[in-house]
Amino acid sequence: MKTIQLHNKHVALGAKIVPFAGYNMPVQYEGINVEHETVRTSVGVFDVSHMGEFVLRGEKALDLIQKVTSNDASKLFDGRVQYSCLPNTEGGIVDDLLVYRMSETEYLLVVNASNIQKDWDWISSHNDFGVEMEDISDLTSLLAVQGPKAVQALQQLTSTNLSDIKYYHFVKEKFAGIDNVIISATGYTGSGGFELYVPNESAEQLWEAVMDAGKNFGIKPIGLAARDTLRLEMGFCLYGNDIDDSTSPLEAGLGWITKFTKDFVNSDALKAQKENGITQKLIGFELLDRGIPRKDYELLDANGNKIGRVTSGTMSPSLQKAVGLGYVQKEFASEGNEIFMQIRNKQVKAQIVKFPFYKIS
């Protein structure tokens, strides 16, 4: 297991450390519900330095990105971020990722920790363009400062007006006395905030500055367990659960990042799937009876026939309801439909609802 740069800091803060995606990671500090509520109402900081970062440089960097990703990266400009995925040749997804345009000839790709080597190999195998690729994952730390008070808490650490950074935009500026910090208005919680990228040697300085700046706003360290409940309330996909090598981006509701205005890996097959219609669809559901959805529980119709499976589920801390994501046959996927979830020998009633489960006011 690898350890992130601030591992000892999290241990000292009393974090429960668990193996995750090849890293020892802080899963929780005070408890999931408290940490979840902190992010929804004030501000929390996640250390997500296990994420992977690749730099692509060269005149043909965009050509490589256009070939391997489903979204149209030609729409990017300096300071813009794009959510995308890497389609495989079998109709599934190698990974989902963020694409940052640093300049016309330099891009930063941010990938999931569990897929770093897999993604590197996949992109490299399609690099017929002479693009220089650098894996900076082990050199980079990433803090996600999330919540409605994130702007106020962090503003004192930079001369950049953070309110001016639009969602899915970024700047590279001096921050907390550290040069060239990527300040990105992105995150995985739905509660706003920023993701901050720094070299490992600046990670402790950044952590201390962020925690100190957030003192008057109730900032707390937040673990990966609350990150999961927060993303689930928004209906955000988690790779390995809701999307994987066997799920099509169209089935996963990611048609909005699958652009057929260009050719990319497996684009012809995905275009045919769009024209012919998908057979299953990722849906969100709330339980109407008692129970908690768990990955791979069966989803049934009113007659007890299997129509799908659960991919993610939890008791929503914000809603105090059990919610889940799962795939069902397309004819059962309409909002408002009642379905059933099998828990051991019991069938529990649920209703399909529209994402997000939690509506940000």
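Projected label points at N33 and E106, each 7 Å from Cα along the beta carbon direction, are separated by 4.8 nanometres.
Remark: spin-label model distance L319-K346 equals 2.0 nm, labels positioned 7 Å along the Cα→Cβ axis. In sequence order, region 345-361 has phi-based couplings of 9, 10, 9, 9, 6, 9, 10, 6, 10, 7, 6, x, 5, 9, 8, 6, 7 Hz under the Karplus curve 6.51 cos²θ - 1.76 cosθ + 1.60, θ = phi - 60°, and Gly or Pro positions carry x. A Förster radius of 56 Å combined with the Cβ-Cβ distance from L288 to D121 puts the calculated FRET efficiency at roughly 0.80. Within the listed set N266, N71, N345, the Gaussian network model of the chain (springs between alpha-carbon atoms below 10 Å) gives the highest mean-square fluctuation for N345. With each label modelled as a point 7 angstrom along the Cα→C-beta vector, the K215-N180 pair spans 3.1 nm. Computed over the Cα atoms of region 177-222, pair by distinct pair, the Kirkwood hydrodynamic radius stands at 11.7 angstrom. Working note: Karplus 6.51/-1.76/1.60 with θ = phi - 60° gives region 139-150 the couplings 9, 10, 10, 9, 10, 10, 9, 10, x, x, 9, 4 Hz, where Gly and Pro are set to x. For region 194-320, count all C-alpha to C-alpha pairs, find those more than 24 Å apart, and express that count as a whole percent of the total. Of the Cα pairs, 52 percent sit more than 24 Å apart. What separates the Cα centres of region 1-57 and region 66-120 is a distance of 23 Å. For Q205 and E134, the FRET efficiency from 1/(1 + (r/R0)^6), where r spans their Cβ atoms and R0 equals 25 Å, is about 0.60.
Taken about its Cα centre, the chain carries a charge dipole of about 1280 debye when Lys and Arg each add +1 at the Cβ and Asp and Glu each add -1 at the Cβ. I'd like to know which of N337, Q320, N305 lies farthest towards the positive end of the charge dipole of region 282-349, counting +1 on Cβ of Lys and Arg and -1 on Cβ of Asp and Glu. Toward the positive end, the furthest listed residue is Q320.
How large is log10 I(q)/I(0) at q = 0.13, 0.23 Å⁻¹ when the Debye formula is applied to the Cα atoms of region 151-250, each weighted equally and without solvent? At q = 0.13, 0.23 Å⁻¹ the computed log10 ratios are -0.56, -1.29. Both radii come from the Cα set of the chain: Rg as radius of gyration, Rh as Kirkwood radius; their ratio Rg/Rh reads 0.97. As a proxy for reagent exposure, ranking I93, I136, I283 by other Cβ atoms within 10 Å from fewest up yields I136, I93, I283.
As a rough footprinting exposure proxy, the listed residues S191, S124 were ranked by other beta carbons within 10 Å of their own, and the order from fewest upward is S124, S191. In plain terms, the residue of E275, E173 with the fewest other Cβ atoms within 10 Å comes first and the most crowded comes last, giving E275, E173. Once C-alpha pairs closer than 8 Å and six or more residues apart are averaged by separation and normalised to the residue number of the chain, the relative contact order reads 18 percent.
Across all directions, the average projected area of the convex hull around the alpha carbons of region 322-361 is 3.4 nm².
Over all distinct Cα pairs, what is the inverse of the mean 1/r for region 279-361, reported as the Kirkwood hydrodynamic radius in Å? About 12.4 Å, per the Kirkwood formula over Cα pairs. Electrostatic bookkeeping for L13 treats Lys and Arg as +1 and Asp and Glu as -1; over the other residues with beta carbon under 15 Å from its beta carbon, the sum is -2.
Packing around the peptides 42-53, 59-70, 331-342, taken as the average count of other Cβ atoms within 10 Å per residue, puts them in this order, highest first: 42-53, 59-70, 331-342.
Structure remark: mean-square fluctuation, Gaussian network model of the chain, C-alpha springs under 10 Å; the largest value among N112, N303, N127 belongs to N303. The ellipsoid equivalent to the alpha-carbon distribution of region 1-129 has semi-axes of 32, 17, 14 angstrom, derived from the gyration tensor eigenvalues as √(5λ) and listed largest first.
Since every read-out is calculated from the coordinates, none of them should be taken as a lab result. Quick caveat: nothing in here was measured; it's all calculated off a predicted structure. A quick note on method: Cβ atoms are made from the backbone with ideal geometry, for glycine too, and the neighbour counts reach across all protein chains shown.
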